[in-house]
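One structure is given here, and the rest of the page talks about it.
The values are calculated or read from the model by the stated rules, or taken from the named source; none is laboratory data. Since we're looking at a predicted model, the values are computed, not measured. Here the Cβ positions follow ideal geometry from the backbone for every residue, glycine too, while neighbour counts run over all protein chains shown. For the accessible areas, the whole protein counts, side chains as well, though only heavy atoms, and no ligand, DNA or RNA atoms are used. Shrake-Rupley method; radii C 1.70, N 1.55, O 1.52, S 1.80 Å.
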Amino acid sequence: MFRLADAPYRCLVPLAFALASGPVFCQTVAPPVALPSVPSAVPSTEPALRVFDPSLIDKTVDPCENFYRFSCNGWFKRNPLPADQASYGRFTELSELNRLHLKQILEEEAAPVTTRSANEQKIGDEYASCMDTATVNKLGIAPLKPELDRIAALKTPGGLPALLAHLHAIGVSAFFGMESNQDYADSSSIISFYGAGGLGLPERDYYTRTDAKSVEQRQQYVAHVHRIFVLAGEPDAQAAKDAETVLAIETRLAKASLTITEQRDPQNLNHPTDVISFSKELTHFSLADYVAAAHAPAAGKANDMEPKFFAEFNALVADTPIDQIKTYLRWHLLHAFAGTSLPESFDQETWNFYAHTLNGAEKQQERWKRCTTRVDHELGEALGEVYVSRYFPPAEKQRTLEMTLAIEQAMDKDIDALDWMSAATKVKAKEKLHTVMNKIGYPDKWRDYSKLEIVRGDALGNQVRAHEFDVARDLNKIGKPVDRGEWQMTPPTVNAYYDPQMNNVNFPAGYLQPPFFSGQEDDAANYGDMGSTIGHELTHGFDDEGRQFDKDGNLKNWWTQNDEQKFTERTDCMVKQYDAIEAVPGVHLNGKLTLGENLADLGGLWLAWLAWLDKAEAAHVDMTAATGGYTPDQRFWIAYAQQWCTQTRPEHLRTQAQGDPHAPDEYRTNTVLQDLPEFARSFSCRKAAAMVNPKPCRVW
Ligand SMILES: [Zn+2]
C-alpha cells in the first residue's frame, strides 16, 4: 500500500526501505532467512523463543561495562547473520516464524480445491501466480507493454496529468504522491494530501551528499538504472544516456524536498489550501485533469505538504523536454514492477542494487518468502483473518490489554510526579493520555476485497489491480467520516505503532508472542520486554512530534510556553547524547532525526519499570529471590535488552545511521540504560562504569 514517506505515525522498528522493489512502509527490516533445517513446511518442533533467556547471557562480559554484549552474546553465537539478510535480530527471528505460518496457509489455499471462500481464492491464486516463475519468465516484459505504450504516446506536457494519475493508481511513485489523510487542523475531517516523492534512492540526501561513498553510490545507482533500461530492450548507449537523465531529474526533485529530519516536524508539512487554489499554483500542470483522472474530488480542502517541492515540480514540467520526462516515467514504471512481476533478470538486478549494494545482503531471499510478503502487502487483511483464526488465541488479546492499561496507569502517576511541568499542562497531558485508544491484535471489521479481481497466472496484472484497489479505497475516504478502527499494519506484522492523528496505539497479533511476550513467563520478563514496547508507543504521543497533537489528534499546541521551553532543554540533552555516537567510521547518528524514537525508548522503559514495580508490590514478589541466577529486577532489564539482539552488516548500519529514525539496536539498549540509575542499582554498577551516564538525560 502506498503511503507518503512523511505520514506522521511512528512504528517500533525500522522500515524496510531499499530492501524491496515496490513501495513498502513501516515493516521490520524484513524478510528474514529460513530457519535452519526447514525444508518447505512449518517445522513440527518450532524453535523455543523465550522472553528472558539465561542461556543467551555471556557471563564473561561485565554487565556494567556492556550490557548489550552481556545479554546478547549467546544469541549472536547461535544466530550467525544469514546470507540473505542485511540485518537479523529478534524481530526478524519472529517474523520468520510467522512467515512460515503464512506460507502454510498460502500453500493450502493455492492448492486446486473447490471449497475456497472468495478471500481464500484471492490469497491462494495471488501466491500461486507469484510463485509461477516459468510463466512470469515466459511472458517477459509483454504484460507491461500497454503501460509502456501509454508513456510512449505522451506528446505534450498537457497529457502528463492524466497519465500521472493512472501511473500513481497502479503503484508507480513518480514525481509526487496524493493520498487521503486527516486534516492536521481538524482530525475529524479527511482531505487530500499532496506530498513530495519521485526518488529512486532511499531519500533526498543520497542526491546531495558529497563524500566519496555517496558519490560512489550515485554512480552505482546510475549503473543500475542503465541495466534495467537494457533489460527492457533499450540499446546500450541510449540506456546509459537515459540513466543520466533519471539522475538529473531526481536530483532536481531531491534538492527541492525537505530533509528527513525536517519532515519530522509536522509544522513543516502543514500548508492548508484547497484543490482549486493549489491548482492555480501549478501553472504548468493541470491539477483539474489530474484529479479527474484519479477520480478524486475536484474541490475541497487540501494540504500542499511541501510548497517548495511543488514549485520546483511545476518549473520542471515547463522546462524539461518531453522525452526526458518520458524517460523518467519509464524508469519508475519498470522500477515499480521489477520485483516478482517481471522476469527474474529484473528481480535479480533490483535485488543487487537495493539489498546487496546499499545494504550488504549476500544472497537473494527465496521466492516463497518474497511472495508471502507480497500477499501480505496486497491482501493483508484477507491473509490476516486466516492467520488470526489459527495463531492468535483470544486470551492473548486480554493479557495485552491488561498490560496496556497498567502502563497507562503508570504514565498517569508519572505525569503527577514530573517536577518540571506546570499543573495546567499536566491537566492537558492527562486528558490526552486518557483519550488514547488501545487497539490489539487485528481489526474489529475486516477489509472488504470483493471488488478486487485476482487472476491465477497473471502476476503483473494482479499487482496492478491490487494497487488500483488500494488507491481507490484510500481516495474514497476523502470527505467521509473517519474510520477509527482502521489499521495501518497487517495482523501478522512483528511491529507496533502510535498514530498521533488518531491518538491510538496499535499492537498487531504477529508481535504478541515469544520472544516478546509469553504466558509462561513472569511479569518481570514480560514487562521488561513487551511492557517497554507498550510504553514506547504510548510515549510517542508525548515525544517532540507527538506532543504537538492534542487529545483529538489536531495539530494544536496545548503546552504553556514555559513548559515547552523546559521540554526542549531536556530533549536537547538527548540530541547531543546521540549526535556523539559514531555508528560506522565517519558516520554519526543524527540526534534530531532519532529524537522521537529515543524519547520513546527511554520513556517507554521507564513506564514499564514503574508499572512492573506496582504489580510486583501488589503481588508481594520477593525481590531477592533469584530465578535462573537473576533477581526479578535484573531479569526485567535483561528481558529488555534481549529483545534488541541484532546482527547488522556494515553497509546496512551505514544506511540506517543516515536515514532511519531509530538508533541501531546496540544503542537502543546501552544508551537507554545508561540514562536510568535504577538499572545501575540492580547490577550494583560503580559510578565510573561505562553503563552509567554521570549526567543522565531524562524527559518523561
Ligand atoms: Zn517508535
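Summary table
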{"quantity": "Kirkwood Rh (inverse of mean 1/r, distinct Cα pairs), region 230-322, angstrom", "calculated": "15.5 Å"}
{"quantity": "At R0 = 22 Å, FRET efficiency that the Cβ-Cβ distance of residue 216 and residue 244 yields, to 0.05", "calculated": "0.85"}
{"quantity": "List 470, 323, ordered by accessible area with a 1.4 Å probe, largest first", "calculated": "323, 470"}
{"quantity": "Theoretical gain in end-to-end length, residue 324 to residue 473 [0.36 nm per residue, Cα-Cα removed]", "calculated": "50.4 nm"}
{"quantity": "Additional length obtainable on full extension of the chain from residue 270 to residue 565, 0.36 nm per residue less Cα span", "calculated": "104.0 nm"}
{"quantity": "Ellipticity estimate at 222 nm from DSSP helix runs (n ≥ 4, -39,500 (n - 2.57)) divided over the chain, nearest 500", "calculated": "-15500 deg cm²/dmol"}
{"quantity": "Square roots of five times the Cα gyration tensor eigenvalues for region 376-432, Å", "calculated": "38, 15, 7"}
{"quantity": "Local electrostatic count, residue 428, Cβ distance below 13 Å [Lys/Arg +1, Asp/Glu -1]", "calculated": "+1"}
{"quantity": "Which of 346, 469 is most accessible, then next, and so on - probe 1.4 Å", "calculated": "469, 346"}
{"quantity": "Principal axis box of the chain, alpha-carbon based, largest edge first, Å", "calculated": "77, 59, 52"}
{"quantity": "Heavy-atom accessible area ranking, 1.4 Å probe, most first, across 64, 573", "calculated": "573, 64"}
{"quantity": "Those residues of region 65-83 whose amide nitrogen sits under 18 Å from the label point placed on residue 363, 7 Å along Cα→Cβ", "calculated": "78-83"}
{"quantity": "Spin-label model distance (nm) - residue 557 vs residue 686, 7 Å beyond Cα toward Cβ", "calculated": "4.8 nm"}
{"quantity": "Relative contact order of region 617-667, pairs being alpha-carbon contacts under 8 Å that are 6 or more residues apart, as %", "calculated": "22 percent"}
{"quantity": "Segment residue 223-residue 284, extension gain: residue separation times 0.36 nm, minus the distance between their alpha carbons", "calculated": "18.8 nm"}
{"quantity": "Positive dipole terminus of region 551-593, leading residue within 591, 580, 565 (C-beta point charges)", "calculated": "565"}
{"quantity": "With DNA, RNA and ligands ignored, accessible area of residue 460 (1.4 Å probe; Å², nearest 10)", "calculated": "10 Å²"}
{"quantity": "Area accessible to solvent at residue 369, 1.4 Å probe radius, in Å²", "calculated": "0 Å²"}
{"quantity": "Net charge, residue 152 excluded, C-beta distance under 13 Å - Lys, Arg +1, Asp, Glu -1", "calculated": "+1"}
{"quantity": "Percent antiparallel among DSSP beta bridges (both partners in the chain, rounded to 5)", "calculated": "75 percent"}
{"quantity": "For region 445-504 versus region 530-600, the gap between their alpha-carbon centres in whole angstrom", "calculated": "29 Å"}
{"quantity": "Cut-off under 5 Å, modelled amide H: who pairs with residue 189 long-range", "calculated": "183"}
{"quantity": "For region 211-353: accessible area per residue (Å², 1.4 Å)", "calculated": "40 Å²"}
{"quantity": "Simple Cβ-charge dipole of region 478-536, Lys/Arg +1 and Asp/Glu -1, about Cα centre, in debye nearest 20", "calculated": "320 debye"}
{"quantity": "Set of lysines near residue 687 by C-alpha distance (under 22 Å), chain-local residues within fewer than 8 positions excluded", "calculated": "59, 576, 695"}
{"quantity": "Accessible surface, per residue, of region 555-682 when the full set of protein chains is kept, probe 1.4 Å, Å²", "calculated": "37 Å²"}
{"quantity": "Charge dipole magnitude, Cβ of K and R +1, D and E -1 - region 553-700, Cα centre, debye nearest 20", "calculated": "220 debye"}
{"quantity": "Signed unit charges on C-beta, dipole axis of the chain, positive-most listed residue 644, 206, 630", "calculated": "206"}
{"quantity": "Long-range HN-HN contacts of residue 591 with modeled amide H, under 5 Å", "calculated": "579"}
{"quantity": "Heavy atoms of residue 191: accessible area, 1.4 Å probe, square angstrom to 10", "calculated": "10 Å²"}
{"quantity": "Estimated dipole of the chain in Debye, rounded to 20 [Cβ of Lys and Arg +1, of Asp and Glu -1, Cα centre]", "calculated": "400 debye"}
{"quantity": "Value of D in µm² per second that Stokes-Einstein yields for region 460-583, Kirkwood Rh from Cα pairs, at 20 °C (1.002 mPa s)", "calculated": "119 µm²/s"}
{"quantity": "Built amide H within the under 5 Å cut-off of residue 504, gap 5+", "calculated": "437, 499"}
{"quantity": "Bins of 5 Å from zero: percent of alpha-carbon pairs in region 461-527", "calculated": "3, 13, 15, 16, 19, 14, 7, 6, 6, 2, 0"}
{"quantity": "Relative contact order (percent, whole number), region 506-568, Cα cutoff 8 Å, 6+ residue spacing", "calculated": "14 percent"}
{"quantity": "Inter-site label distance for residue 588 and residue 108 at 7 Å from Cα along Cβ, in nm", "calculated": "5.4 nm"}
{"quantity": "Residue 444 paired with residue 152, simple spin-label distance in nm, labels 7 Å along Cα-to-beta-carbon", "calculated": "5.3 nm"}
{"quantity": "Cα-Cα P(r), region 200-276, percent of pairs per 5 Å interval", "calculated": "3, 14, 19, 18, 15, 11, 8, 7, 4, 0"}
{"quantity": "Solvent-accessible area, 1.4 Å probe, carbon plus sulfur percent, for the chain", "calculated": "54 percent"}
{"quantity": "The chain - percent relative contact order, Cα under 8 Å, separation 6 or more", "calculated": "22 percent"}
{"quantity": "Dimensionless Rg/Rh of region 399-462 - Kirkwood Rh, Rg from C-alpha atoms", "calculated": "1.36"}
